[in-house]
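As C-alpha cells, the structure follows; a few thoughts come after it.
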Amino acid sequence: MSIVCCRSKFGPIFHYNPNGEGVQLYMIRRRMLAAKYIKRYGRETYTLLSNRIIPYHWNYIGTSYDHDTGVAKLFINTRLVAEKKIGKIQLATNADGIAGAKPKDRKRFRGMLSCVQIYKDAMRVADTIVVRNRCFKGGKKMSYSILFVENNKDD
C-alpha cells in the first residue's frame with residue numbers, strides 16, 4: 001500500500017514501463033484515484049476509479065490483482081473502494097516502474113509519496129492493514145507506503 005498526500009488535480013503516482021504503456025496508478029481529478037490495468041501483450045485496459053481521496057491529507061492507497069480469480073481491487077485507507085473481475089490476464093508489469101512522472105508527459109504528480117512497496121501476491125483488506133505499518137520505526141511514524149501488487153503465476 002502507500003500513503004500519498006496529493007497537492008495537484010492530476011498526475012501519475014506510479015506506473016510500469018515509463019516509455020510505453022504499463023499498469024498505472026494515478027490521479028485524474030482532485031479527489032479521483034484511478035488504477036489502470038493494461039495487458040502485457042496488447043492494448044486492452046481496465047480501469048478502477050474512486051473519488052475518496054482527500055486532498056492535502058495523507059491517503060493510504062493501493063491496488064491489487066489476483067491472477068487466480070481475475071479480480072482487480074483498489075484500496076484507500078485500508079478499505080476496498082472498488083473491485084472488478086477483469087479475467088485471467090498477464091499484466092504489463094514486466095518493465096521498469098517509475099513514480100511521480102512519466103517521460104514526455106507534462107503531467108506530474110505534485111504532493112508527497114513515500115515507502116513504495118510492491119508485492120507479488122494479491123492483497124485482501126486484512127493484508128493492507130498488516131502492511132500499513134511497515135514504514136514505522138520504533139513507534140514513530142516515518143511514512144506510510146504505496147502498494148502496487150500483482151499475483152501473476154504466468155511469469
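All of the numbers you see were taken from the coordinates with simple rules; none came from a lab. Remember, predicted model here, so these are calculated numbers, not experimental data. Backbone-built Cβ (ideal geometry, glycine too); neighbour counts: all protein chains shown.
Some observations on this one:
- Inter-label distance, nm, simple model (7 Å from Cα along the C-beta direction), L49/F10: 1.2 nm
- The length gained on full extension between A95 and R124, counted as 0.36 nm times the residue separation minus their Cα-Cα distance, comes to 7.9 nm.
- The order of H15, H57, going from fewest to most other C-beta atoms within 10 Å of their C-beta, is H57, H15.
- Shape of the chain, Cα gyration tensor, a/c cut at 1.5: oblate
- Our summary gives segment 26-121 a relative contact order of 21 percent, counting only alpha carbon pairs under 8 angstrom and 6 or more residues apart.
- Cysteines in the chain that, by Cβ-Cβ distance, have no pairing candidate under 4.7 Å: C5, C6
- With R₀ fixed at 22 Å, the C-beta to C-beta distance from Y56 to R108 puts the FRET efficiency at about 0.85.
- Length gained when the stretch C115-V71 is fully extended (0.36 nm per residue, less Cα-Cα span): 13.3 nm
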